[in-house]
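J.: One structure, as structure tokens, below. Some questions next.
We did not get these values from a lab; they are worked out from the coordinates using the rules stated. Please read these numbers as outputs of a predicted model, since none were measured by experiment. Heads up, the Cβs are rebuilt from the backbone with ideal geometry, glycines too, and the neighbour counts pull from every protein chain shown.
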Amino acid sequence: MARNAEKAMTALARFRQAQLEEGKVKERRPFLASECCDLPKAEKWRRQIISEISKKVAQIQNAGLGEFRIRDLNDEINKLLREKGHWEVRIKELGGPDYGRIGPKMLDHEGKEVPGNRGYKYFGAARDLPGVRELFEKEPAPPVRKTRAELMKDVDAEYYGYRDEDDGVLLPLEQDYEKQTIAEAVEKWKREKEERRLAGGGEKEEEEENIYAVGKEESDEELGEEQEEEDGKHTFIAHVPVPSQKEVEEALVRRKKMELLQRYASETLLAQSTEARALLGL
């Protein structure tokens, strides 16, 4: 006797099943949850959506489906999750239980939400897709900023370059460069001097005037002259006339008198004093 599975696969069994289902119209799930006004049917459609989500979550665990198929499955799961939420809201409106608060969250916990992208989740192999794995990686912690006191610990004389010569390398290099620069400057000066002499017809160029030399005919008050003291030391007199101590004292006395007159004398007295001094020629 044939088994039940083999009986079900026969052509007669399939024909009989078609006759039984003939005349029956399969009811489709409404596109919008608001179109359903019957609480039992709303419960039925919610259970159907949960069943579809479970099947797709099981399928997406297979990483061999390919990147495009995995992405499509992930999009379909997220779409069904949103639809399930709509039906739960509709069930609550029809007087049913609040599944958003008391319902199981196992299906939601299967997915992982990207930080900053609220609502969309990645399930199974979708979390390992290129470009998605990096979204779940934690950003490195920012470096700890040093305080002012910690920064000042490294500030010393070497920080400002005061110890650059201590290694004994910089000074010889600077001396060599200084000698080379002076030699080049002297060579340039000699070359220019020779060119000027040739340009002047070969005549001997007059010696350059020493601007720092002091002539003998110049007076001591204007330029000053070098004098030798008894102890053999050399002193220099200033090149400008310096007033004596007596002249300084007289100038201070005159200035003090003028200040007192301006402070205590009247305008008439000042005018008379000025006129008298003019008559006396002072």
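J.: Asp156 to Lys257: extension gain in nm, 0.36 nm per residue of separation minus the Cα-Cα distance?
T.: This chain segment gains 30.5 nm when fully extended.
J.: Right, next: What is the calculated FRET efficiency for Leu135 to Val89, with r their C-beta to C-beta distance and R₀ = 22 Å, to the nearest 0.05?
T.: It comes out at approximately 0.15.
J.: Greater than 22 Å separation of Cα atoms is the criterion. Which listed pairs, Lys79/Lys121; Lys55/Lys121; Lys41/Lys121; Lys55/Lys92, meet it?
T.: Among Lys79/Lys121; Lys55/Lys121; Lys41/Lys121; Lys55/Lys92, the Cα-Cα distance tops 22 Å for Lys41/Lys121; Lys55/Lys92.
J.: While we're here: Hey, rough spin-label estimate for Lys190 and Arg145, points 7 angstrom out along Cα→Cβ, what's it come to in nanometres?
T.: The two pseudo-label positions are separated by 6.3 nm.
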